[in-house]
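Beneath this line is the structure, given in structure tokens, with notes to follow.
The values are calculated or read from the model by the stated rules, or taken from the named source; none is laboratory data. Bear in mind the structure is a predicted one, so any value in this text is a computation, not a measurement. Note that we place each Cβ from the backbone using ideal geometry, even for glycine, and neighbour counts take in every protein chain shown. These area figures cover heavy atoms from the full protein model, side chains too; ligands, DNA and RNA do not enter into them. Shrake-Rupley method; radii C 1.70, N 1.55, O 1.52, S 1.80 Å.
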Amino acid sequence: MLIAVAVILLVCLARLSQFDFFDRLERMTYDWRARTAVKFPQPVALNLGFVAISDDSIAAVNDGTLNFHFGLYWPRQIYGRVLRELSAQGAEVVAFDVLFSGRRFDHTTVPVSISQWPDLAEFVARLPSSQKPSTYKTESNGETLTLLESDDYFAWQLKRSGVAVLAAERGVLPLALFATNALSLGDISAEADSDGVLRRARAFHDYRRWHRAFLQVAIDKTFGVDLNRVRFEPGFVVLLRTNGLEDIKVPIDAENNFDLTVFSKKLPPGTPKQAKAFAVDRVWHMGIVLAARALNLDLAATEVDLPQGRIVFSGTNGVVRTLPVDAKGYFFINWEIPPRDSRLTTDAFENLLRQDQLRTAGLTNGLSNYWKHKLVVIGSTATGNDLTDLGATPLEKSTLLVSKHWNVANSVVTDHFIRPTSLSWDLALVILLGGATAWLSSQLRVIPGLVSMLLLTLAYSAICIFLFIQNRYWVPLVLPVGGAILVNYGLLVTYRALFEQREQRRVKSIFSRIVSPNVAKELLGRERLSLGGARCEVTVLFADVRGFTELTDTAQEQVAASIHARKLTAEAAEAAYNESARETLNTVNTYLATVADIVKKHDGTLDKYIGDCVMAFWGAPTPHAGHALTCVRAAIEAQRAIDELNRRRTAENEGNKVENQARLSAGLTLKPVLPILALGTGINSGTVTVGLMGSDAHILNYTVFGREVNLASRLESVSGSARIIIGETTYQQVLRDDPALAATCVEQAPTKPKGFQKPVRNFEVPWEPATGKSSGV
């Protein structure tokens, strides 16, 4: 129990501490599940599309086949033309996975006819006077054309299409000219885990839109200021400087206002002295922005509840989507649609440029509305340091990272998110599996326990995989299986093996000398062995060697007479007494060992030697249905064995008598006469208390005690010499199991043993062979 509790606590601590090692292993199982899940396609949004800027696109824009000769860094009018074509085909939204951060002065212009595009006049009117485009008249028909700068042309297409989403990344926002004309902004940041695999995305980033005074400081390289590295202190914005100069501390008030004179002592007339240092713009993940357009979700009204791990999007048509996130707003990308998935609408960037040229020339025959109602992502598949957008995802080591946008959009549209289990669920699973492992380990032996652990592991793993494939529930595998099951089971089995070996040694040391090898083997092989104390029905035997006291007295007298006659010294007399004691002990041990061997032969438990008496019992520690009959048969065999022993000793004495006459004539020491002893046996059956008595520190004895034990002892005392007396309960059981043997028993007069209030019935069991006689003792 302590081992199981300790392991469970350590596994729970590992989960709470979020060790990177375990997180890495868990993420590996997540990746495997993600790759497996792709093999079982789920319903996806069918209005997702990808326009690829490939190496072929770069070549086509450069080699003149599209009437362009632009190198790697295209004028933005190129993107404007593709946007114009997608808009003409009815695309629902077009998201650019391309950063348009600053104005580009590439000296390219696009001639546009205001008569053909009336909305151009409105757009041009909104441009600053310094950016007003020039115009000229054509020689052919005198039509006035407006020469739009490339960036202005792109901004105009953003405005007129009304479907463009521009990228923001790591604090970098699009040029204001573009941002103000686009439908929305979308964050394209990709933040891989510590192992370099992109699994998560942040639902939103808050971008600071700095006042132009701060921007001017950042542009001036002599200041060494990076607005992405700003520290906030109470009442101050601290601009960290990279050139070793002292940091610039700009005072701000509670409403984020600063004094413009910090940067410029002279302000133009009428300019307010205070302004907002920055405004915070929340930019949602580009995939979320795409889905919001499709579902009419109001991102401005989104409920962000990071402590509860959720972001709730609501739509004007009653649509609700709840995105599961962590405390920092990250969620796991459901990589449902790989870049080569047939369910994804795809086309090449250069094909759209060709279609735009045909449509502009009025050659619309054969043109289709292939992108109607599509959520389109434009991104790079080209190679090269500035163009490659490849990285590791759970699906592949090298995947187009632009695919994260349509996969996020698909999750929101289909309401199919990766849902990791909560911390409380993780801890509950560890406790549940750890408890189940401990219980199974304690209830089953090693092989069945191992099989049950493997089945538990397989069942839990199968459930985890099924839940991910079917519902995208991410249930942890590493800590519950590796810690709560396998490590826990390994430690429990190791401890159990050590404990059982120690227990087996203890049992062997206790029982190896008091039970037969068969019983000892059975005890060591049993799953449970209760030695601490229990009530059992047993049959108890007391077998006393008769004549021991007389033998001792006679031996002492003979030794004393010999010492006196031979006038031995004190030292020689002591030696004579010791020799006599050894001979007496050897004699008694010969008789006791004969009885003990027969007890063990009949699978009895040898309890103890009480002087010249053997105490044994049947029915514990291993149950024995016929314990009474077995005990009686052992007693019969013991009497016969003692009788046979006495016959051999009598024969030996006869031989010694003849030899002693010769030894006497020769003046040699005479051989002693071997004592002839008998056995008196008392047997009784009944319920007793059985268990280990004593302490591990001193002596442990596996014994029985109780009324029935006392009665067996009392029956032995009245058995006399060479007789077997059994109690009534023993007789009844013998009668049940061996009627023929019971028929030979002779009931004796009831006896009232010491300590018993009423006389008890008792029976004598004849033991002499039908055709033989005893030794006459």
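List of remarks:
- The charge dipole of the chain, taken about its Cα centre with unit charges on the Cβ of Lys, Arg, Asp and Glu (plus for the first two, minus for the last two), comes to roughly 560 debye.
- Contact order normalised by residue count of segment 699-758, Cα under 8 Å, 6+ apart, percent: 25
- Cα principal axis extents for segment 460-502, largest first, Å: 50, 13, 6
- Within the accessible surface of the chain, defined with a 1.4 Å probe on protein heavy atoms only, the carbon and sulfur portion equals 56 percent.
- Cα convex hull volume per residue for segment 374-433 (Å³): 133
- In the context of the full protein assembly, residue 322 retains an accessible surface of approximately 50 Å², using a probe radius of 1.4 Å and ignoring ligands and nucleic acids.
- Distance between the 7 Å Cα→Cβ label points at residue 238 and residue 721: 11.1 nm.
- Cα-Cα over 23 Å, subset of 221/249; 608/671; 374/404: 608/671
- Note on segment 352-462: Cα-only Rg and Dmax are 26.7, 85 Å.
- Against the empirical curve 2.2 N^0.38 Å, the C-alpha radius of gyration of segment 240-290 lands at a ratio of 1.68.
- Entries of 328/372; 601/752; 137/372; 159/372; 132/265 with Cα pairs more than 28 Å apart: 328/372; 601/752; 137/372; 132/265
- A Förster distance of 51 Å, applied to the separation of the beta-carbon atoms of residue 568 and residue 701, puts the FRET efficiency at 0.80.
- The alpha carbons of segment 606-736 give a radius of gyration and a Dmax of 20.0, 63 Å, in that order.
- Peptides 324-334, 561-571 ranked from most to least packed by the mean count of surrounding Cβ atoms within 10 Å: 324-334, 561-571.
- Residue 396 accessible area, 1.4 Å probe, all protein chains in place, Å² to nearest 10: 70
- Over the residues of the chain, the helix contribution to mean residue ellipticity at 222 nm works out to -13500 deg cm²/dmol, using -39500 (n - 2.57) for each DSSP H run of at least 4.
- Average projection area in nm² (convex hull over Cα atoms of the chain, one quarter of hull surface): 66.2
- A Förster radius of 51 Å, combined with the Cβ-Cβ distance separating residue 72 from residue 9, puts the computed FRET efficiency at roughly 0.30.
- The chain, relative contact order in percent, only Cα pairs under 8 angstrom and at least six apart counted: 13
- 12 Å beta-carbon shell around residue 281, net charge (K/R +1, D/E -1): +1
- DSSP-assigned coil residues among chymotrypsin sites (Phe, Trp or Tyr not before Pro) in segment 34-73, each with at most 15 further Cβ atoms within 10 Å: 73
- Surrounding net charge for residue 580, when Lys and Arg each add one and Asp and Glu each subtract one, Cβ distance under 15 Å: -3
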